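The numbers here are math on the coordinates, done by the rules we state, and not lab data. All values reported here derive from a predicted model rather than from experimental measurement. Every residue, glycine as well, gets a Cβ built from its backbone with ideal geometry; the counts of neighbours run over all protein chains shown.
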Amino acid sequence: MVRPYAMTRGRTSHAVQHRLDLIAVVVTEPHVDDPEEDHALAPEHVRIVELCRDTPQSVAELGAELDLPVGVVRVLVGDLVDEEMVHVTRPVPPAELVDESILRDVINGLRAL
Amino acid sequence: MILGRTERGKPPVEPVTLKILVAGGFGVGKTTCVGAVSEIKPLRTEEVLTEAGRPFDDTSGVESKSTTTVAMDFGRITLREDLVLYLFGTPGQDRFWFLWDELATGALGAVVLADTRRLEDCFAAVDYFERRSIPFVIGVNCFEDAARYPPETVRRALDLDPDVPVVLCDARQRESVKEVLVAVVRHAMAYAAEHRQAVTT
């Protein structure tokens, strides 16, 4: 049992995070080869880099997958953004989506489930 | 992690992500509803009490206790490789309302699940979404031992605007929950179209 914020060295926020949305998508940069060689990274950093390499995933999914509180994931992702090992795609606000056919695609996709 | 690694120069698909909230009183079927259409994952958020819970939590003398854990349900529905819908079950307890703001920001819309035996449990959620202008539908979860009421009766009891959809549903049934979610998306589309009109006229 480790106190959750131990791995963030007590930090509860990060300059780049701007409260990263729960559904913001984390994508590993293609040039990142072997994050384990970077000894400045915690094992959790490495896992995020590996998880988001093949399947970019949301902050919420990373929290569930790594069993870490969302706040911790935000700090760790912020570190990785600083290191240019991942980038984050912020979700499109719904107000900017509605003109597009995306919502129709959502309806069709739900029906086809 | 060598197997399955994406070839260099072929970036993975970055999906468009959307979220719909599932709200309602304790025991109304929020978890069941999310689970009917997606694989549920538990999500923990640690909130720093000095920021989030200041009005409620007196930590003087126990300064080391600086965070509180809140668990919520969330599910992922992959509609297409490049289109993902997330469902978030909102925490039921009133003292976690501060989390709603984060969940609600950027949400496409919401389902407010209602149980006709204790309709008052969903008043708070209805108020919240009305005040934030977040499009929502009422999903009346038809429990087997509860009396059935027509949607119009529920609408009157909740004092809803005429355009808010009221849908009878069974939170255990995948098809039923799918229809509720489709109703949310449709309502969000109509809501946005109406607002655009209001801005241009």
- Query: Can you list the residues of segment B:149-170 with backbone N under 18 Å from a point 7 Å past the Cα of residue B:197, pointing along Cα to Cβ?
  - Reply: B:161-165
- Value at 222 nm in deg cm²/dmol, rounded to 500, when DSSP H runs of n ≥ 4 in chain A each add -39,500 (n - 2.57): -12000 deg cm²/dmol
- Message: Restricting the calculation to Cα positions, tell me the Rg (one decimal) and the Dmax (whole number) of segment A:4-111 in Å.
- Response: 15.3, 47
- Query: Roughly speaking, what is the centre-to-centre gap between segment B:151-201 and segment A:34-98 when only Cα atoms are used, to the nearest Å?
  - Reply: 34
- Message: Cut-off 10 angstrom, C-alpha nodes, Gaussian network model of chain A. Which of A:24, A:95, A:42 fluctuates the most?
- Response: A:95
- At a Cα cut-off below 16 Å, give the aspartates and glutamates reachable from residue B:41, other chains included and same-chain residues fewer than 8 away excluded. A:61, A:65, A:67, B:73
- Query: How crowded by other chains is A:82-94, given as the mean number of beta carbons from other chains within 10 Å of each beta carbon?
  - Reply: 3
- Item | Test item: A:67-74 mean partner chain Cβ contacts at 10 Å | 5
- Query: Between residue B:82 and residue B:41, what is the label-to-label distance in nm when each label sits 7 Å out along the Cα-to-Cβ direction?
  - Reply: 2.3
- Compute the acute angle (0 to 90°) between the alpha-carbon long axis of helix A:43-54 and the principal axis of greatest extent of the alpha-carbon atoms of chain A; round to the nearest 10°. 30
- Message: Let me confirm one metric for peptide A:59-66, namely the mean number of other chain beta-carbon atoms within 10 Å of its residues' beta-carbons.
- Response: 5
- Query: For labels at residue A:34 and residue B:148 in the simple 7 Å Cα→Cβ model, what's the distance in nm?
  - Reply: 6.5
- Working out 0.36 nm times the residue gap between residue B:71 and residue B:133, then minus their Cα-Cα distance, what length gain in nm do you get to one decimal? 19.8 nm
